[in-house]
Amino acid sequence: MGVSESAKILKSLDSGQRKPRVVIIGTGLSGIVMGMRLMAEGYDDLILLEQSDQCGGTWHYNQYPGLRCDVPSHYYQYSFEPSATWSHRFCGGAEIREYFERMAKKYQVFDRIRFNTTAKHAEWNGSEWELETGAGDKLVSDILISAAGILVRPKHPDLPGLDTFAGKVVHSARWDHDLELADKKVAIIGCGSTGVQMHKPLAEVCSKVVSFQRTPQWVLPVPNRKYTAFGHKLSAKFPIISKFYYKVFRFAMEQMMGRGIIKDGWSRKMVGKLCQWNLNTVKDPELRRRLTPNYTALCKRLVMSSDFYPVMQMPNVELVTENIDRVEPNGIVTKDGVLHELDVIALATGFHANEYMLPMTMSGEDGYTLDQAWAKGPRGYRTVAMPKFPNFFMVMGPHSPVGNFSLASIAETQSEHIMHFVKMWAERKFDKISPREDATDKFNADMLVDMKDTVWTTGCSSWYLDENGVPGSWPWTATKFRGDLKNPRVQEYLLN
Ligand code: NAP
């Protein structure tokens with residue numbers, strides 16, 4: 001439904017209904033779709049808080065060379081807003097960010113964003129949320145929604161001497177566009193999805209790329225197709241084409257990655273074989289051996305690239321598998337005592353995962369704090385809510401099905417689910433609502449049981465796992481996720 005229809009709906013909000021004041025924290029793809037759904041239904045008493053000066057979340061913060069989404073763009077968009085102009089099957093970061101900003105503007109969500117504003121503390125006063133921003137401003141809302149993201153705060157490695165390096169150090173999620181790279185000797189530390197994507201553009205301009213690899217990754221080959229102007233015209237005329245692609249890519253990813261993650265079987269084996277086939281394209285047996293992981297494919301988040309192995313065989317690219325000992329002004333010294341001389345160190349060392357709305361503090365019913373609720377790690381009810389935090393919802397909350405999926409699709413499912421409760425509040429079916437403790441405990445206990453069958457627990461380290469080795473993601477199929485959230489189980493909530 002377009003925002004143009006929202007005025008009509010607003011009129012239809014008769015005196016029996018009320019319009020909630022809603023605050024959303026975060027304006028990445030999750031906060032934006034939540035805002036779009038609210039605006040489309042006429043709930044325009046809406047404020048979105050964005051700590052940065054731009055919306056787009058991860059697609060704003062990450063601007064490193066080679067940034068591309070490894071989920072097909074036709075699936076990495078909102079299903080109800082297909083774009084006819086995706087340039088490639090796997091588009092670059094700037095194009096994706098532009099799509100989400102365009103959506104925010106189209107639904108008049110953009111005008112409601114308060115940029116450079118952090119959410120510092122939120123407190124339930126018995127009937128509404130009082131929120132304090134980093135600047136000390138106060139906001140009051142009937143419904144509070146966190147869409148604060150999962151991989152937000154960059155992780156800097158604890159390398160002795162890093163601050164003594166005479167050249168430049170840059171993290172992938174805070175790229176410095178003034179950085180001079182031509183003819184420079186550049187280190188890439190990390191070979192997750194980010195580090196792998198960085199290799200080709202750096203190897204093309206730098207005199208030398210030294211790739212520091214602590215743990216090899218399985219890499220699935222995914223050729224990137226450029227779409228033609230004719231294809232764009234056709235998609236614009238027949239939006240069904242784009243919707244068809246959405247379903248095809250969703251099916252492919254859910255069957256291949258989704259099934260492979262949750263249980264052993266043909267899909268896990270097939271992904272493993274494709275990765276092995278890709279690895280076998282490395283001609284030098286010794287280089288191939290050093291690039292070979294010793295764990296099951298999909299255990300770490302699968303890396304997708306068709307150019308990583310060709311780049312690793314370029315003459316100006318060196319793979320270093322010896323662990324890093326320290327950094328000196330001239331470069332990195334590995335444990336074998338070798339100094340690797342460098343001009344730039346690019347950190348592709350990932351993020352402090354699963355922090356959600358932290359470090360914001362929260363106080364729910366009877367002063368129950370977020371610290372208390374998450375004393376044993378982030379947990380919630382079906383990824384969207386928490387006991388004792390009334391009228392509080394999360395898009396991309398704990399145990400959302402993140403990984404090799406489209407987060408745009410997941411956020412859409414969750415925002416649709418949350419809308420159900422927003423409408424109920426507007427219809428005066430309750431003043432406050434929060435999930436029951438026993439339903440939340442059961443959900444988390446069921447997850448723990450089925451977590452054991454997932455590939456994440458088969459013996460590798462990754463950002464999926466918390467300090468106790470428990471994965472923070474959804475251990476079931478994406479179909480179950482959509483099914484569970486399609487029809488909210490109101491009986492599992494406390495309503496007053
Ligand atoms: P990551 O997957 O956490 O990888 C971090 C890398 O840095 C790993 O290779 C890690 O080695 C290495 N590392 C960390 N600390 C180190 C140290 N002290 N010394 C040496 N190596 C160190 O981070 P990421 O690559 O930024 O990716 C994070 C997630 O972002 C991905 O899993 C994905 O979900 C998302 N992402 C998505 C896309 C996309 O196209 N959709 C693109 C980029 C990122 P170990 O393996 O040994 O720990």
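The values are calculated or read from the model by the stated rules, or taken from the named source; none is laboratory data. Not measured: the values here are computed from a predicted model. Here Cβ is always computed from backbone atoms with ideal geometry, including for glycine, and neighbour counts include all displayed protein chains. The accessibility values were calculated without ligands, DNA or RNA, using every heavy atom of the protein model including side chains. Shrake-Rupley method; radii C 1.70, N 1.55, O 1.52, S 1.80 Å.
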Quiz item: Among the residues of the stretch 203-214, is there at least one that is part of a loop (DSSP other than H, G, I, E, B), within 12 Å of the ligand (Cβ to nearest atom) and either at pLDDT 95 or above or in the same structural domain as Gly380 (by TED's automatic domain parsing) (or both)?
Solution: yes
Quiz item: Condition test on Phe405, is it among the aromatic types (Phe, Trp, Tyr), in the same structural domain as Ala445 (by TED's automatic domain parsing) and farther than 14 Å from Trp474 by Cβ?
Solution: no
Quiz prompt | Matching residues in the stretch 113-158 - criterion: being within 19 Å of the chain's Cα centre (by Cα) and outside any loop (DSSP other than H, G, I, E, B) | solution = Ile145, Ser146, Arg153, Pro154
Quiz item: So which residues in the stretch 335-354 are of a type outside the set (Phe, Trp, Tyr), buried (at least 17 other Cβ atoms within 10 Å of the Cβ) and under 20 Å from Asp158 (Cβ atoms)?
Solution: His340, Leu342, Val344, Ile345, Ala346, Leu347, Ala348, Thr349, Gly350, Ala353, Asn354
Practice problem: Of the conditions (1) in contact with a helix residue (DSSP H, G or I) (Cβ under 7 Å, 6 or more places away or on another chain); (2) more than 12 Å from the ligand (Cβ to nearest atom); (3) open to solvent by less than 20 Å² (accessible area, probe 1.4 Å), Cys299 clears all except one; give me its number. | Solution: (2)
Exercise. Please work out if Glu98 is over 19 Å from Phe351 (Cα atoms), more than 13 Å from the ligand (Cβ to nearest atom), in the same structural domain as Ile410 (by TED's automatic domain parsing) and surrounded by fewer than 17 Cβ atoms within 10 Å (Cβ to Cβ).
Key: yes
Practice problem: Those residues that are open to solvent by less than 60 Å² (accessible area, probe 1.4 Å) and either free of Cβ contacts under 8 Å to residues at least 60 places away in the same chain or within 16 Å of the ligand (Cβ to nearest atom) (or both), I need them from the stretch 460-477; list them, please. | Solution: Cys460, Ser462, Tyr464, Leu465, Asp466, Gly469, Pro471, Gly472, Ser473, Trp474
Quiz item: When only residues in the stretch 163-180 that are among the hydrophobic types (A, V, I, L, M, F, W, C) and either outside any loop (DSSP other than H, G, I, E, B) or within 16 Å of the ligand (Cβ to nearest atom) (or both) count, which is most open to solvent (accessible area, probe 1.4 Å)?
Solution: Val169
Exercise. Tell me, please, whether a residue that is part of a loop (DSSP other than H, G, I, E, B), more than 16 Å from the ligand (Cβ to nearest atom), in contact with a Phe, Trp or Tyr (Cβ under 6 Å, 6 or more places away or on another chain) and acidic (Asp, Glu) can be found in the stretch 40-59.
Key: yes
Quiz item: Is it fair to say Ser73 is assigned by TED's automatic domain parsing to the domain that holds Ile410, of a type in the set (Ser, Thr, Tyr) and buried (at least 19 other Cβ atoms within 10 Å of the Cβ)?
Solution: yes
Quiz item: Taking only pairs six or more apart or across chains, which ones have beta-carbon atoms under 8 Å, a first residue in the stretch 433-455 that is polar (S, T, N, Q), and a second residue that is assigned to a helix (DSSP H, G or I)?
Solution: Ser434/Glu365; Thr454/Ile261; Thr454/Ile262
Quiz item: Which residue out of Leu279, Leu274 is outside the structural domain of Leu181 (by TED's automatic domain parsing) and open to solvent by 30 Å² or more (accessible area, probe 1.4 Å)?
Solution: Leu274
Quiz prompt | Sole residue being open to solvent by less than 30 Å² (accessible area, probe 1.4 Å), among the acidic types (Asp, Glu), more than 28 Å from Trp474 (Cβ to Cβ) and away from the ligand (no atom under 16 Å from the Cβ), chosen from Asp142, Asp183 | solution = Asp142
Practice problem: Provide a single number: the residues in the stretch 38-76 that are among the hydroxyl-bearing types (Ser, Thr, Tyr) and more than 19 Å from Ile145 (Cα to Cα). | Solution: 5
Quiz prompt | Top-ranked residue of the stretch 223-247 - restricted to ones that are open to solvent by 30 Å² or more (accessible area, probe 1.4 Å) and in a loop (DSSP other than H, G, I, E, B), ranked as farthest from the ligand (Cβ to nearest atom) | solution = Phe238
Practice problem: For Asp336, state whether it is over 28 Å from the mean Cα position of the chain (by Cα) and within 13 Å of the ligand (Cβ to nearest atom). | Solution: no
Practice problem: Could you please tell me which pairs satisfy a Cβ distance under 6 Å, a separation of 6+ or placement on different chains, a first residue in the stretch 478-496 that is under 19 Å from Lys429 (Cα atoms), and a second residue that is β-branched (Val, Ile, Thr) and surrounded by 11 or more Cβ atoms within 10 Å (Cβ to Cβ)? | Solution: Tyr493/Ile433; Leu495/Ile433
Quiz item: In the set Met257, Met304, which member is within 14 Å of the ligand (Cβ to nearest atom), open to solvent by less than 70 Å² (accessible area, probe 1.4 Å), modelled with pLDDT under 95 and on the phi < 0 side of the Ramachandran plot?
Solution: Met257
